[in-house]
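Below: one structure, written as structure tokens.
The values are calculated or read from the model by the stated rules, or taken from the named source; none is laboratory data. Bear in mind that the values here come from a model prediction, so they are computed numbers and not experimental data. Using ideal geometry, Cβ is built from the backbone for each residue, glycine included, and neighbour counts are taken over all protein chains shown. Quick note on the areas: whole protein, heavy atoms, side chains included, nothing else; ligands and nucleic acids left out. Shrake-Rupley method; radii C 1.70, N 1.55, O 1.52, S 1.80 Å.
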Protein chains: 4
Amino acid sequence: MAGPFSRVHKEGKRQMHPAKGEKHWIIPDGYIPPTSSGSLTSHESICVLNVSSEEALLNLTIFFEDREPMEDILVVVPPRRTKHIRTSTLNKGGTPIPVGVPYAIEVRSDIPVIVQYSRLDATQAENALMSVVAYPIK
Amino acid sequence: MAGPFSRVHKEGKRQMHPAKGEKHWIIPDGYIPPTSSGSLTSHESICVLNVSSEEALLNLTIFFEDREPMEDILVVVPPRRTKHIRTSTLNKGGTPIPVGVPYAIEVRSDIPVIVQYSRLDATQAENALMSVVAYPIK
Amino acid sequence: MAGPFSRVHKEGKRQMHPAKGEKHWIIPDGYIPPTSSGSLTSHESICVLNVSSEEALLNLTIFFEDREPMEDILVVVPPRRTKHIRTSTLNKGGTPIPVGVPYAIEVRSDIPVIVQYSRLDATQAENALMSVVAYPIK
Amino acid sequence: MAGPFSRVHKEGKRQMHPAKGEKHWIIPDGYIPPTSSGSLTSHESICVLNVSSEEALLNLTIFFEDREPMEDILVVVPPRRTKHIRTSTLNKGGTPIPVGVPYAIEVRSDIPVIVQYSRLDATQAENALMSVVAYPIK
């Protein structure tokens with residue numbers, strides 16, 4: 001039977017997991033497909049894994065070909081969790097990333113994490129997929 | 001004619017292959033597509049190569065967005081063999097990885113190996129492919 | 001109201017961003033699909049991110065299977081910008097990269113940048129995508 | 001007007017290009033799709049770039065899930081050339097890599113090169129693409 005004492009005991013033996021990966025990642029090829037057809041919706045995801053026992057605070061910068069970067073987009077990844085961030089949900093002061101425009105992504109994190117980028121393009125009836133592990137700046 | 005002596009001789013000259021790669025790999029973007037159509041089945045594979053003359057014992061952790069990780073899923077890769085592990089075959093005490101849910105994969109191995117991750121999405125009639133070499137933690 | 005003084009003030013506090021990444025990148029698998037069908041056009045992009053406050057000057061070499069390399073193709077990436085370079089727009093003295101021919105790409109930059117390569121193949125009615133972060137020579 | 005003297009002069013100033021990359025590369029996920037439909041043929045390519053002024057001699061090992069590796073498959077990449085090697089053309093003593101079977105590829109080279117792996121799957125009417133830069137063993 002679990003009482004207060006056994007709970008203390010359980011917490012006492014809880015393993016602390018250190019952060020792994022890097023604090024700075026780059027994805028040069030970002031693009032939100034403007035249209036979808038078929039049963040799936042075109043989208044991109046920035047997939048982050050935080051293996052540590054502490055929360056990770058991400059700070060994203062979005063770079064363009066012809067205008068100033070969007071800076072300081074903040075995202076939290078809880079301890080021992082992954083977060084697959086749809087880029088269409090990101091915004092700066094209510095302004096989202098424009099669709100159909102080439103851009104690039106810089107991810108900074110206060111603790112080491114690992115970042116992968118994937119795109120599903122459903123512009124045509126059948127979907128196409130691409131994925132890369134982001135480039136770590138060491 | 002091969003007798004005991006020639007066998008000893010053969011073993012004596014057998015080349016020992018050292019392990020190559022890393023012991024710790026991360027795949028942030030895991031996803032088992034829930035449906036298939038057409039002639040192929042949607043699936044993911046964790047592709048591991050063990051170039052060494054010794055068996056590799058893998059220990060996998062599966063991370064989620066909204067629940068505790070599944071830990072200590074064990075897989076053996078024989079010496080001088082590759083193993084392309086279907087993620088749908090992995091389970092912890094009989095519980096498989098849920099389909100249609102974003103997750104992430106951590107692979108630990110007792111000896112260095114090399115890990116790649118590939119996904120075939122056959123949600124629609126035509127298949128889509130993506131692949132990444134996993135991120136090595138050094 | 002912004003006058004000369006406030007402009008000086010603004011420039012005084014402007015953050016200088018250092019260059020990040022590497023100066024030398026390789027993409028072994030280049031290929032411009034010769035035909036397109038459907039609503040999208042087959043193309044490849046060399047996606048470059050320059051996070052620094054200075055312009056990056058790229059020098060590209062194109063390698064072939066059966067002829068001498070095309071050298072000294074120059075491309076500029078402005079400060080704090082990304083550039084997604086369509087390989088079909090590259091040329092040396094008016095001669096473009098031939099379509100339907102396997103080739104490879106070497107990118108040199110005068111300051112560190114980050115390079116990714118993506119291909120959209122629309123040879124058939126539905127598109128296929130692939131992408132890799134280029135290999136950095138350190 | 002170019003005579004013998006000017007030729008000597010030209011050769012005298014010819015730039016020697018050093019080898020770049022690594023001598024040892026791994027691709028864990030190899031697979032030759034057994035069937036094709038539509039206008040393209042399913043295939044895989046091992047894409048190698050040799051930027052140096054000297055020939056590169058590759059030695060490939062093919063690993064399987066359930067049998068001994070195929071060793072010592074040799075391929076030459078000329079100086080300052082790329083070679084996109086169709087895996088279906090590789091063989092050991094006339095025996096090709098079996099189709100429809102998971103395998104893995106180890107590439108050793110006598111001088112540094114850069115290796116990328118790409119697969120076109122045309123099992124169904126529309127093609128799917130995947131590509132990774134191989135994992136370098138340093």
### Query
Which number in (1) over 14 Å from the mean Cα position of the chain (by Cα); (2) among the acidic types (D, E); (3) farther than 21 Å from A:F64 by Cβ marks the one condition that C:E54 misses?
(3)
### Complete set of residues in region D:62-103 that are farther than 30 Å from D:Q15 by Cα and of a type in the set (V, I, T)
D:I62, D:I73, D:T87, D:T89, D:T95, D:I97, D:V99, D:V101
### Query
Among the residues of region D:71-94, which ones are more than 8 Å from every other protein chain (Cβ to nearest Cβ) and closer than 17 Å to D:Y117 by Cβ?
D:I73, D:V75, D:V77, D:I85, D:R86, D:T87, D:S88, D:T89, D:L90
### Query
Counting only residues that are of a type in the set (A, V, I, L, M) and more than 7 Å from every other protein chain (Cβ to nearest Cβ), how many does region C:122-138 have?
2
### Message
Of all residues being at the interface with another protein chain (Cβ under 9 Å from one of its Cβ atoms) and modelled with pLDDT under 95 in region A:36-59, which is surrounded by the fewest Cβ atoms within 10 Å (Cβ to Cβ)? Just the residue, please.
### Response
A:S39
### Query
Inside region C:76-102, can you point out the residues that are part of a strand (DSSP E or B) and closer than 16 Å to C:I27 by Cα?
C:H84, C:I85, C:R86
### Task
Collect the residues in region C:60-75 that are in a strand (DSSP E or B), open to solvent by 10 Å² or more (accessible area, probe 1.4 Å) and out of contact with any Leu (no Cβ under 6 Å at 6 or more places or on another chain), keeping them in residue-number order.
C:T61, C:M70, C:E71, C:D72, C:L74
## Note on the structure
Restricting attention to region A:76-100, the residues that are open to solvent by less than 70 Å² (accessible area, probe 1.4 Å) and of a type in the set (G, A, S) number exactly 2
### Query
Among the residues of region D:42-56 satisfying the criterion of being touching a strand residue (DSSP E or B) at 6+ places or on another chain (Cβ under 9 Å) and part of a loop (DSSP other than H, G, I, E, B), which is farthest from D:L74 (Cα to Cα)?
D:S42
### Message
Scan region A:127-138 and tell me whether some residue there is open to solvent by 50 Å² or more (accessible area, probe 1.4 Å), over 30 Å from D:A122 (Cβ atoms) and over 15 Å from the mean Cα position of the chain (by Cα).
### Response
yes
### Query
What tally of residues in region D:102-121 results from selecting those that are more than 10 Å from chain B (Cβ to nearest Cβ) and either of a type outside the set (S, T, Y) or surrounded by fewer than 18 Cβ atoms within 10 Å (Cβ to Cβ) (or both)?
9
## Note on the structure
Of the residues in region C:108-138, those that are under 19 Å from C:V75 (Cβ atoms) and assigned to a loop (DSSP other than H, G, I, E, B) come to C:A134, C:I137
